[in-house]
Structure formats: C-alpha cells, structure tokens
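I have placed the structure first, in the form of structure tokens, so that the comments after it can refer back to it.
Here, each number is a calculation from the coordinates, and none is a lab measurement. Please read all numbers here as calculations on a predicted model, not as lab measurements. Using ideal geometry, Cβ is built from the backbone for each residue, glycine included, and neighbour counts are taken over all protein chains shown.
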Amino acid sequence: MRVLIVGERIREDVGSGIEVYEYNLIKELSKIAEIRKIDVFEPISAEKKGPLWLFKLRYLFEQGMKRLFFNPIKLGYSWSKIKNWHPDIIHCLKPILFPPLFFITQKPTIITFYDTFQITQSKYMLSKYYAFLQSQWFRFATKMASHIIVISNKTKEELVNHFKIPIEKISVVEIAQSDKFLKQKPKKYLKGKKRYILGYFSAFTPSKRPELAIEIFKKLKEKYPQLDVELHMYGSAFGENLLKQLQENPKKDVKILGFAPETKKVHIYKSFDILLFPSLYEGFGLPILEASSLGIPVISMKDAKIPPEVKKATIEVKNSEDAADEIYKYLKDIKKWNKISKDNMDYARKNFSWEKTAQKTLEVYEKLKNG
C-alpha cells in the first residue's frame, strides 16, 4: 500500500491538535505502510506578537492568500516530482488543501476533518471572510472527496447534518495523546500538601473561555479563602487581544504565562493539581487526554460541545460555583483525588493510542483501494 500524505507543518515540536495528528499519524503509518509526504508551508506562528490589526493582516495573508494562490503552485510542483511513485491513495490532512489537489490528480483521495468550527462556531473566527471562504472549500471537499475521516462521532454528525453527506462516506478514527505522555510516571498527590496549582492550557480565544477559568478561580477563593491556591494560565498569542485584557486586569494569584513550547508540555501539565478546561467547543479535546494520561484531574463544563468519548475523562460542572465546590472536594480529599486520577488515566491510556489510530486509518485505505 503506497500512500501520499499531504499536510502542513508536519513537525513534532508544533503543539496544536492538528499538527500532533499529522506528525504522529505519519510516524505510526510508516511502520505498516509505504508513506511519502508533501508538507505545504509554514503558517503563522503562535509565538509571534504585535498589534491586533497587524496580526489580523498577517493572518489573512498567510491563512488566506497563501492557501488561495501559493498552495496550488507548491502542490503542483511537489506532485510533478512524486507522481511517478504512483501512490494508491492520497490522504489530505487538511480540508483546505483539497481543492487544488482535486484538479492536480484524480487519484482516490481521503480528507480528514477535525471539527466544523468554521461553520457551526463562525462567530468566534478571527475573520468572517475567511470563515465563509473555508465553509465553501469544505462544502466542495465533502462533495468531491473519495472518502472522509473524522476524529469523533460528534464531527461525523455535524458534517452529515450540515452537508448532507452519506453516512457510509465517513469513517470515525479517534486520535490520541503522544507517546511522551504514556512514558511518564503519573503525578502523585503529595500528602500534607498546603499549596495547590490549578492550570489552564489552551489558546486565549473567546471559544476557549479563559475568562471562565478566572471566574472559577475567583469563586473558589471567595468560598474557600483558607485554601492556598494559584491559577497558572498558558496559551498562544492568537488571542492577543483577550490576553491583553486579562493581563491589564490582574487577579491575585493568577499568573498569565503565555505561550509554552511543545517541549515543555509534560512538565507544565505535571505542575498542575487540576486542569481547568472551560472550552465551549472542541472537535476532540486532546488536552483532556494529555492531562488525564499523566493523572491530572480535568474540569469541564456541562454546556461544552466536546465528544462524549473524551469528555468522559473529566469532572463535569454546571457553573463556576459548582466548579469551585468540586475543585475543593478533590484537592482536600486525597482518596477522591487518587481515584479520579487513576480512573481517568487508565481510561485515557487504554482506549487511545496512535497504534490504534494508524491501524484504523490503514483499514480505511484498504477499503477504499479495494472498492
């Protein structure tokens, strides 16, 4: 089985969920299939900062203009160099890369969809123009692709409902936490501990609701003033406007620590006693599995649209007051903390792995190849 994989930023040191998927899928598939790849371009970096208006201009140029004009040129050139290899299947790891591929080659093509954020949550997009453009590309991609892989049943339902795609055209293949999380010893609750760390590890964007994490922390301090606790917040500069607002209105014991590189991820997670994950919408929710694999309990919100198979590894709360009560209960009861830590760690480690993801993906390839 010869498979050509087309993606962006296929690197181990890039920390978003999509890039984690790209890197680890190729790594595992290479063990069981003949793989070659085309890595299109290096988009805007989360570390880069500057005025919001300048950031938006760069975002529109890199995310829009490059994909409209430069991607087809690079894909065409790359295909001319590799087409004599005669791949059986082309797997496009980003829907936005599919339109130029469709006109370059007629090989059977699979697309991976991670979520429908640009369609169902477009009000949170940095650019409404870009959200509209992506929705049209997605519509074309779902119609013309040979097959579609999604990373959760939730995304499958959203695609079927929005684009009226036949169910049999979509396969669900869950992603997983990187191996480095599985090789680590779980965090241990230190008996007699007096100071606690709550963590937030996500982008500073409206849909991730970092302000809700602060609200939960504030409520915890109000209800349990005797509790010695800090909130450490890590996130990318894509939400620089919101990040600036948070920094200008500091709360006692809230530390806004900004962007964290992929190499520091495990260390940061293990510094937390509980991870706050107030995100409103996730295509999968990889940070939940990453934290759970290290034995870190995770708080999520009942109104959050997160796949049930991932949300299962969290403590669901209704609001900030409910969250404060649950956090206090687990921080002050070592037996409860240890139980939720072990239960969720076992669930995450036993049910999700890149070996399983690669094997299921290969099955999709073979099914498509054999008709």
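Expressed as a whole percent, how much of the Cα-Cα distance distribution for the chain exceeds 25 Å? If you can, show how the numbers build up before the last one.
On the way: 38339 of 68635 pairs.
The share of Cα pairs beyond 25 Å in the chain comes to 56 percent.
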>> Placing +1 on the Cβ of each Lys and Arg and -1 on the Cβ of each Asp and Glu in the chain, which of Leu231, Gly17, Tyr129 has its Cα farthest towards the positive end of the resulting dipole?
In response: Leu231
> How long, wide and thick is the stretch 311-371, going by the Cα atoms along their three principal axes, in whole angstroms, largest first?
Replying inline: 56, 24, 10
>> If amide hydrogens are placed 1.01 Å from N in the peptide plane, which non-local residues have theirs closer than 5 Å to the one on Met301?
In response: Val317
>> If amide hydrogens are placed 1.01 Å from N in the peptide plane, which non-local residues have theirs closer than 5 Å to the one on His91?
In response: Leu4, Ile5, Val6, Ile110
> What is the distance in Å between the Cα centres of the stretch 89-115 and the stretch 178-226?
Replying inline: 38 Å
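Which order results if His147, His91 are arranged by neighbouring Cβ count within 10 Å, fewest first?
On the way: His147 18, His91 26.
With the fewest neighbours first, His147, His91 line up as His147, His91.
Could you list Trp79, Trp85 so that the one with the fewest beta carbons within 10 Å of its beta carbon is first and the one with the most is last?
On the way: Trp79 18, Trp85 10.
With the sparsest Cβ surroundings first, the list reads Trp85, Trp79.
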> Summing +1 for each Lys or Arg and -1 for each Asp or Glu, what net charge is found among the other residues whose Cβ lies under 9 Å from the Cβ of Tyr196?
Replying inline: 0
> So who's got an amide H within less than 5 Å of the one on Arg11, skipping anything under 5 residues away but keeping other chains? H placed 1.01 Å off N, in plane.
Replying inline: Tyr23
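Return a whole-number percent for the relative contact order of the stretch 148-208, with Cα pairs under 8 Å and 6 or more residues apart as the contact set.
Numbers: 27 pairs, mean separation 18.5, N = 61.
So the answer I get is 30 percent.
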>> Take Asn153 and Gln226, extend 7 Å from each Cα along the Cα→Cβ direction, and tell me the distance between the two endpoints in nm.
In response: 4.4 nm
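Using a cut-off of 13 Å between beta-carbons, work out the net charge of the residues near Ile110 (Lys and Arg +1, Asp and Glu -1, Ile110 not included).
Computed value for this residue: +3.
Could you compute how fast the stretch 180-351 diffuses translationally, taking Rh as the Kirkwood radius over C-alpha pairs and applying Stokes-Einstein at 37 °C with viscosity 0.692 mPa s? Give it in µm² per second.
Values: Rh = 16.0 Å.
D = 206 µm²/s.
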> From the phi of every residue in the stretch 281-290, what ³J(HN,Hα) in whole Hz does the Karplus formula 6.51 cos²θ - 1.76 cosθ + 1.60 yield, where θ is phi - 60° and glycine or proline is x?
Replying inline: 9, 9, x, 9, x, 4, x, 5, 5, 4
>> What does the charge count around Lys187 come to, taking other residues whose C-beta lies under 13 Å from its C-beta (Lys +1, Arg +1, Asp -1, Glu -1)?
In response: +3
>> Taking a ≥ b ≥ c as the square roots of the Cα gyration tensor eigenvalues, with a/c under 1.5 meaning rounded and otherwise prolate when a/b beats b/c, else oblate, which class fits the stretch 85-197?
In response: prolate
> Per-residue HN-Hα couplings for the stretch 358-371, Karplus 6.51 cos²θ - 1.76 cosθ + 1.60 at θ = phi - 60°, whole Hz, x for Gly and Pro?
Replying inline: 5, 5, 5, 5, 4, 4, 5, 4, 5, 5, 5, 5, 8, x
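Would you mind putting 292-304, 340-352 in packing order, based on average other-beta-carbon counts within 10 Å, highest first?
Per-residue mean Cβ counts within 10 Å order the peptides as 292-304, 340-352.
Given a cut-off of under 8 Å on Cα pairs at least six residues apart, what relative contact order in percent is computed for the chain? Don't skip to the answer; put the middle values down first.
Working: 623 pairs, mean separation 63.6, N = 371.
Reported as a whole number, the value is 17 percent.
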